[in-house]
1. Can you tell me which residue within region 104-125, out of those that are under 16 Å from residue 297 (Cβ atoms) and charged (D, E, K, R), is most open to solvent (accessible area, probe 1.4 Å)?
2. Only one of (1) closer than 22 Å to residue 210 by Cβ; (2) surrounded by fewer than 20 Cβ atoms within 10 Å (Cβ to Cβ) fails for residue 149. Which number is that?
3. Considering only helices (runs of 4 or more DSSP H) fully contained in region 26-140, which possess at least 1 residues that are among the aliphatic types (A, V, I, L, M) and within 15 Å of the chain's Cα centre (by Cα)?
4. Return the residues of region 19-48 that are open to solvent by 30 Å² or more (accessible area, probe 1.4 Å) and out of contact with any strand residue (DSSP E or B) (no Cβ under 7 Å at 6 or more places or on another chain); say none if nothing qualifies.
5. What tally of residues in region 170-201 results from selecting those that are closer than 17 Å to residue 257 by Cα and part of a loop (DSSP other than H, G, I, E, B)?
6. What do you reckon, is residue 166 of a type in the set (Gly, Ala, Ser), open to solvent by 10 Å² or more (accessible area, probe 1.4 Å), modelled with pLDDT of 90 or more and under 13 Å from the mean Cα position of the chain (by Cα)?
7. Evaluate the following for residue 144: is it on the phi < 0 side of the Ramachandran plot, surrounded by fewer than 20 Cβ atoms within 10 Å (Cβ to Cβ), in contact (Cβ under 8 Å) with a residue 60 or more places away in the chain and touching a Phe, Trp or Tyr at 6+ places or on another chain (Cβ under 9 Å)?
8. Do we find that residue 195 is farther than 18 Å from residue 101 by Cβ, open to solvent by 50 Å² or more (accessible area, probe 1.4 Å) and in contact (Cβ under 8 Å) with a residue 24 or more places away in the chain in this structure?
Amino acid sequence: MPLYNAAAHLDASIESILAQTFADFELVVVDDASTDGSREMAHAWARRDGRVRVLENETRIGAVECGNRAVHAARASVCARMDADDLSHPERLRLEREILAADRDVMLVGTLCEWIDASGRIIRPRDRSRLVYRSKVAPFPHGSTMFRRDAFLAIGGYRPPCHLWSDLDLFYRLAERGRLLVLPEVLYRHRVHLQSVTLQAPFDALSRAMARRERSLALRRAGKDDAAALQVDPSNGSHPRANRQALHAFASRRVWAGESAGILGPLFRTRLCPLDRTLAKLWVLGVGGAVSPLAIRFLLRTLVRLRDAAAAPVVRPGAPVEWRFA
């Protein structure tokens, strides 16, 4: 569990892990120089439960390197990710561990989730639609995953140049070594709020991250090593597709958090194809200006429910589904 200034939700997150039906584990918390009392809260949990181990960073190293430090410090053969503001279902670790124990070809297991807001209310329901078609976006949240430690270390763990998409980069590289499976049940609750890493990142940084991702995928599909290319910082606004993805990620996260999309400024300094720019401007000047974020969220939630229901005949309850990215 990487930890930075998550005092508002940390107790609930740690409690959800310590309440797992599978109890033989250690929780490695890496505090990244928190200033809001999170470190002290983590140590209080360690005093109460011997399964909690707290590692401290005196200066910030970022979520990517915190994740690497946690896995390197772990003593088990499998590691489960847990984010400090999310919640895990009591059966999550048991079910994921059983899948990894049954098949050595499986490198990682994730689960479907519900999105919750800062107060814990469900704002986005389960979505099984991504289990029935290929996608560049994982159908499970990063925090829901369990993976083999030896495979993680063999591929070099999380890569710092992939900041803001280090989870997807890890999934892509693990998929080259074995299978990635998804449990179609909701065993995780992912919290969306304005203090999240994605929404705290400047839009320009998000756009450059999406450009790196597109370049990495193109090289990997061509069977080439992408390590050297990731060291080159793309020019901001140089990749129209990446800019479109960044606008979508930025706006959708804000709307799910109950805020306005907030893309007017980024839109007018971002390179898009003429059609994308026209549609985005119409949305900002039309729907975005006339409809409240809560109403938009209601419409999106309805679409997610319809999409999930359409996938029901294909996805069998309790049967893991293999995810293959596009």
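1. 121
2. (1)
3. 63-73
4. Matches in region 19-48: 19, 21, 22, 23, 24, 25, 35, 36, 40, 41, 47, 48.
5. Of the residues in region 170-201, 6 are closer than 17 Å to residue 257 by Cα and part of a loop (DSSP other than H, G, I, E, B).
6. Considered against the rule, which asks whether it is of a type in the set (Gly, Ala, Ser), open to solvent by 10 Å² or more (accessible area, probe 1.4 Å), modelled with pLDDT of 90 or more and under 13 Å from the mean Cα position of the chain (by Cα), residue 166 comes out as yes.
7. Spelling it out, it is not the case that residue 144 is on the phi < 0 side of the Ramachandran plot, surrounded by fewer than 20 Cβ atoms within 10 Å (Cβ to Cβ), in contact (Cβ under 8 Å) with a residue 60 or more places away in the chain and touching a Phe, Trp or Tyr at 6+ places or on another chain (Cβ under 9 Å).
8. Against the criterion (farther than 18 Å from residue 101 by Cβ, open to solvent by 50 Å² or more (accessible area, probe 1.4 Å) and in contact (Cβ under 8 Å) with a residue 24 or more places away in the chain), residue 195 qualifies.
The values are calculated or read from the model by the stated rules, or taken from the named source; none is laboratory data. The model shown is predicted, which means the values in this text are computed figures rather than measured ones. Cβ atoms come from the backbone with ideal geometry, glycine included; neighbour counts cover every protein chain shown. What goes into the accessible areas is simple: the full protein's heavy atoms, side chains included, and nothing from ligands, DNA or RNA. Shrake-Rupley method; radii C 1.70, N 1.55, O 1.52, S 1.80 Å.
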